[in-house]
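Bear in mind that the values in this text are calculations on the coordinates, not laboratory data. These figures come from a predicted structure and were not determined experimentally. Cβ placement follows ideal geometry from the backbone for every residue including glycine, while neighbour counts extend to all protein chains displayed.
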Amino acid sequence: MRAVLYLGGTKILIAYCTNSGSTADVAEVIRDALVEGKLGAEVRRLEEVGDLSSYTAAIVGGPIILGWHRKAVRFLRRHREALSRMPTALFFTGMQVTRTGEEERFGLPILLDPRVVREPARPGHLSFKERFTTVGHYLRPIRRLIPAIRPLGAAFFAGKLDYRALSIPQMLFVLLAIAARPGDLRNWDLIRDWARELRPRLASAKEAP
């Protein structure tokens, strides 16, 4: 992992969890896009972060399979108060998101990567597979936290699927419910563009204590 850079009075945390390492790659690309804009940022695994008092902003991410990764959900709950006082953004990595129109109900900008977006076969009558891959399903565990934290945005990025890196329950769910094909769908240009668009709002907190 590259050296930590703190520039322009900012200290942005990019905290992530991962199954196989692919979400870590996404976190590092986000960090590089922020540093490119003269912001200071560092990438750390969620379990390595115990205190947010030294950071001016945060981006939290993790993979989605049975739902958003439990470590990401627990991190938001544990640090809810600190995150409510700083600019915060969320990102998710996965292989499919079913678009239902509910994305607008959460009160924050949501980016859906075209590489993983699917339209329901019968709008208003979702199949089992579709119900488990909606934005609402993925955000439901943190729905009550969203008004308190007030995220700048949430991005659902295409991920990388390697069945060998999954636990047996995860593998069975992906095989039987999602039926996703293994492969790497990550859209690096989209990830960089999202991070670049966040830069002005993340930089606005650079004078925070």
Treating only the Cβ of Lys, Arg, Asp and Glu as charged (+1, +1, -1, -1), what charge dipole size does segment 1-138 show about its Cα centre? Round to the nearest 20 debye. 360
Pairwise FRET efficiency - L190 versus I146, Cβ, R0 = 22 Å, nearest 0.05: 0.45
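Going by how many other Cβ atoms sit within 10 Å of their own, how do E28, E81 line up, fewest first? Write out the running numbers ahead of the final one.
On the way: E28 16, E81 10.
Ordered by Cβ neighbours within 10 Å, fewest first: E81, E28.
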If you plug each phi of segment 42-50 into the Karplus form 6.51 cos²θ - 1.76 cosθ + 1.60 with θ = phi - 60°, what whole-Hz ³J(HN,Hα) values come out, in order, with x for Gly and Pro? 9, 9, 9, 5, 3, 5, 8, 9, x
Residue-wise HN-Hα coupling along segment 65-78, computed from phi with Karplus coefficients 6.51, -1.76, 1.60 (Hz; x: Gly, Pro): 9, 6, x, 5, 3, 4, 5, 5, 4, 4, 4, 5, 5, 5
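Just want to confirm a number: the relative contact order over segment 19-169, from Cα pairs under 8 angstrom separated by 6+ residues, in percent. Let's see the in-between values first.
Numbers: 199 pairs, mean separation 44.9, N = 151.
In percent, rounded to a whole number, it is 30.
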Equivalent ellipsoid, segment 12-203 (semi-axes from 5 times Cα gyration tensor eigenvalues, Å): 26, 18, 16
Fewest to most neighbouring Cβ within 10 Å: what's the order for Y138, Y55? Y138, Y55
Neighbour-count ranking for W188, W194 (other C-beta within 10 angstrom, fewest to most) reads W188, W194
Run the numbers for R44 and E197: contour at 0.36 nm per residue of separation, minus the present Cα-Cα distance, in nm. 52.9 nm
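Pulled fully out, how much extra length does the chain show between R118 and S204, if you take 0.36 nm times their separation in residues and subtract their Cα-Cα distance?
Working: separation 86, 0.36 × 86 = 30.96 nm, distance 3.52 nm.
That pair, R118 and S204, stretches by 27.4 nm at full extension.
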